[in-house]
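The values are calculated or read from the model by the stated rules, or taken from the named source; none is laboratory data. Remember, it's a predicted structure, so these values are computed and weren't measured experimentally. Because the Cβ atoms are built from the backbone with ideal geometry, glycine has one as well, and the counts that use them run over all protein chains shown.
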Amino acid sequence: MRSETYLRILREPKKHICRSCSSEYDGLRIGRHWYCGECTHVAHDAGRKARLWVRLAMRSGVLMPAHAFRCVDCDKWAQCWEHRDYSKPLDIEPTCFSCNHKRGPAIFARAA
């Protein structure tokens, strides 16, 4: 039989603070969700556009694949290009997956 505290936690959604607009929102933070519903769409669109710029630069030969470089944080072989700011799509650094995850989400320009 489940304890009363466990059942209360299941019934009451946690309050989270959006990392972009600082508004409070209900729900569970699962995986890499750091934003409220409105900011999530903006962040995903910004990330999608930045990744498109990187793919186009690699396809045209301006940029080499990330695995040709070493991770800037731990010196292992890089596995991806890491954006710190999605509004600067080619301002990127080669990182391994674990260092990319440790760095956390990139920032994005939120529509006013």
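Descriptive notes on the structure:
Okay, residues lined up against (1) surrounded by fewer than 17 Cβ atoms within 10 Å (Cβ to Cβ); (2) in contact with a Gly (Cβ under 9 Å, 6 or more places away or on another chain); (3) small (Gly, Ala, Ser); (4) touching a residue at least 40 places away in the same chain (Cβ under 8 Å):
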{"residue": "49", "(1), (2), (3), (4)": "yes, no, no, yes"}
{"residue": "52", "(1), (2), (3), (4)": "yes, no, no, no"}
{"residue": "66", "(1), (2), (3), (4)": "no, no, yes, no"}
{"residue": "77", "(1), (2), (3), (4)": "yes, no, no, no"}
{"residue": "80", "(1), (2), (3), (4)": "no, no, no, no"}
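- Long-range neighbours under 7 Å by Cβ, at least six apart or interchain, first residue buried (at least 16 other Cβ atoms within 10 Å of the Cβ) within the stretch 87-109, second of a type in the set (S, T, N, Q): 96/79; 108/87
- Some residue of the stretch 18-32 being part of a strand (DSSP E or B) and modelled with pLDDT under 80: yes
- Within the stretch 28-87, if we keep just the residues that are β-branched (Val, Ile, Thr) and farther than 14 Å from residue 103 by Cβ, the residue that is farthest from the chain's Cα centre (by Cα) turns out to be 62.
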